[in-house]
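What follows is calculated from the coordinates using simple rules that are stated; it is not laboratory data. Just so it is clear, the structure is predicted and the values come from calculations on it, not from any experiment. Neighbour counts are summed over all protein chains in view; Cβ atoms, including those assigned to glycine, are modelled from backbone coordinates with ideal geometry.
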Amino acid sequence: MSGHAHTREQHPLVFVITHWVNLSCMFLLILSGFYIHKPFLFDGWMGVARGVHFFCMFVILINLVYRVIAAFVVGSANQPGGRAKEKDIKNWLPQPENRHQLWPTVKYYLFIRKDHPISAKYNPLQKVAYLVTVPLILIMAYVGFALWGPTMDWAFFKAGTDLVGGPMNMRIIHYFLMWAFILFTAVHVYLATLYNFKPIKIMFLWKETDGDH
């Protein structure tokens, strides 16, 4: 929750860096994807746009694998403003602090409930949203490889293309998945800065912040 203090133990530098990488790659993937879909501003940049697009796809996949492995190795605090560290993977699993809090959290963000329910580092809604991005990124990458010249005829990717009815349908899926990531990013930024901009300090400057109370 943004109203609490943010410590470096909550957000170790390695996770801050993976967050930077994800954000940078996501921005470049969206920008280059729009250009590939319909060139704008500058003509003759299609080769650059495609190169950036596929480079960022490889980077974001490597970053995802690294982040998942790091969750089992690196310790982080599991309480808002906390310093006592445990393996980060525990932040993604059910915790006593936010058990049965999914629906109350949804109601809070929909302005149906006034008080924020008890939570740990991540509330249940955050856990669900962040975990869903893992298969979404993998599906997005699969679709991208199925559309990429050097790999589109590989049996593993061609089977998926045939299953959805051809390359055009695969492009449509890729396009709408991109909008899913845009929507996720917009909601993520909104919820992260709902109280104030303190989370930006810890996630971009690795600067600790005090709580509101």
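Taking the chain as a Gaussian network of alpha-carbon nodes connected by springs under 10 Å, the highest mean-square fluctuation of the residues L64, L177, L110 belongs to L110. With K and R counted +1 and D and E -1, the other residues having a Cβ less than 11 Å from that of N91 yield a net charge of +2.
Long hydrophobic helices in the chain, taken as whole DSSP H segments with a C-alpha length of 15 Å or more on their own axis and mean Kyte-Doolittle hydropathy at least 0.5: 13-37, 46-73, 124-147, 167-192.
Charge dipole (Cα centre; +1 on Lys/Arg Cβ, -1 on Asp/Glu Cβ; no other charges) of the chain amounts to roughly 300 debye. Counting only residues at least eight positions apart within a chain, or on another chain, the aspartates and glutamates with an alpha carbon under 19 Å from that of K90 are E9. Enclosing the Cα atoms of region 132-198 in their convex hull gives a volume equal to 91 cubic angstrom per residue.
Temperature 10 °C, viscosity 1.306 mPa s: under these conditions the Stokes-Einstein estimate for region 30-133, based on its Kirkwood radius over C-alpha pairs, is 95 µm² per second. Expressed per residue, the C-alpha convex hull volume of region 1-56 stands at 106 Å³.
For region 56-213, the Stokes-Einstein estimate of translational diffusion at 37 °C and a viscosity of 0.692 mPa s comes to 180 µm²/s, using the Kirkwood hydrodynamic radius over alpha-carbon pairs. Centroid-to-centroid, using Cα positions, region 165-213 and region 125-155 are 17 Å apart. Summary value for the chain: 30 percent relative contact order, contacts being C-alpha pairs under 8 angstrom separated by 6+ residues. Taking each DSSP H run with n ≥ 4 as -39500 (n - 2.57) and averaging over every residue of the chain yields -19500 deg cm²/dmol at 222 nm.
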